[in-house]
1. Once you list every other residue whose beta carbon is under 12 Å from the beta carbon of SER19, what net charge do they have if Lys and Arg are +1 and Asp and Glu are -1?
2. For n ≥ 4 DSSP H runs only, could you compute -39500 (n - 2.57) per run for the chain, divide by its residues and tell me the 222 nm figure to the nearest 500?
3. Measuring from the lowest to the highest alpha carbon on each principal axis, how far does segment 255-304 reach, largest first, in angstroms?
4. When only Cα pairs under 8 Å and 6 or more residues apart are kept, what is the percent relative contact order across segment 3-250?
5. Rounding to the nearest 10 and keeping the result within 0 to 90°, find how far the Cα-based axis of helix 107-124 lies from the longest principal axis of the chain.
6. May I ask you to give the percent of accessible area on the chain that is carbon plus sulfur, with a probe radius of 1.4 Å?
7. If I histogram all Cα-Cα distances within the chain using bins 20 Å wide from 0, what percent of pairs lands in each bin?
8. Points 7 angstrom from Cα along the Cβ direction at THR230 and SER61: gap in nanometres?
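The values are calculated or read from the model by the stated rules, or taken from the named source; none is laboratory data. If you're wondering where the values come from, they're calculated on a predicted model, not measured in any experiment. Reconstructed Cβ throughout: ideal geometry from the backbone, glycine too, with neighbour counts over all protein chains shown. Remember, those area values only see protein heavy atoms, side chains included, never the ligands or the DNA or RNA. Shrake-Rupley method; radii C 1.70, N 1.55, O 1.52, S 1.80 Å.
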Amino acid sequence: MSERSRNLPRRSCLSVPGSSERFLQKGPTIEADMTFLDLEDSVAPLEKEAARAKVVEAIRSLDWGERVMCVRVNAWDTVWTYGDVIEVVGNAGERLDEIMMPKVQSGAEVIAMDLLLTQIEKNVGLPVGHIGIEAQIETARGLINVEEICAASSRMETIVFGPADFAASMEMPVLTGGVQISDYPGDHFHYVFNKILMAGRANGLQVIDGPYLKIKELDNLRDYCMRTRTLGYDGKWALHPDQVKVINEIYSPTQEQFDKAWAILDAYQVATETDRKGAVMFGDEMIDEASRKMALKFVTRGQRAGLKRS
Ligand code: GLV
Ligand code: MG
């Protein structure tokens, strides 16, 4: 795993097509927590091989700041995966934190990537384990195997839902991926969101929601973000700078939540260490060890998002 990037925030994860020099140049100016340069579905088949060198050049020559830097390669059922990985990881240098694998179907696919990465790291002098892995769950088979996928390698950093490909894989009668289906009584992805979240958390991974494709609908994006934010997701993909702002806001704790979480930690510490009590009143609510764990998550998330105690 990449020690640098494992715990960095990934509220907003920006997709940049790797074949477009214009978008690659613009990438660093957009304040996303994580940026992935895409070699997969936003790049036309005829441009895929040329895009590899463009992506390498963008990583090496532009200033991407502290953000998590990722490249999405093509899936193992194409002809491009090994070429993508060898050319990009072999030439991008230490600034590349991770490889994103799309349409992952099994733990074996992650293990294959792990082995290939180890050989490349040894050949080019990167520390072994430097490159982390993000795995996208976007097929029926991938969802069935999500637990083994999350546990397949210590390089795994995040598990990511891909709603557009998933809708296609499931043959859902929709033509726009990642939006609410008003005819369905409830949330048609509720099970999927929870299954991915549980598998990710059981393996200590960050858990990310995929794209919202109606770029101009920022209010609907806000509502949509709240669904996975409420369940506990760490962040969501962004396809446009305007989406990044909304996403960063929704996936950060508010200042009030952050301050309250700190106050709970302080009160619980006094209760357990000075007063030797496991459960005490905090205002009008009872707090105990479970409250400490919940509060710690808010504090960690807030610190990742740059909040300071007021
Ligand atoms: C993302 O890759 C998606 O298919 O939604
Ligand atoms: Mg996809």
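1. On the way: positive: ARG22, LYS48, ARG52, LYS54; negative: GLU21, ASP38, GLU40, ASP41, GLU47, GLU49.
Neighbourhood net charge equals -2.
2. Numbers: 12 runs with 135 residues, N = 310.
For the chain, the value works out to -13500 deg cm²/dmol.
3. Sorted largest first, the three principal extents are 31, 20, 15 Å.
4. Details: 468 pairs, mean separation 45.6, N = 248.
Contact order relative to length: 18 percent.
5. For helix 107-124, the angle is close to 70 degrees.
6. Details: 7930 of 14590 Å².
So the carbon and sulfur contribution to the accessible surface is 54 percent.
7. Binned Cα distances yield the sequence 32, 55, 12, 0.
8. 4.7
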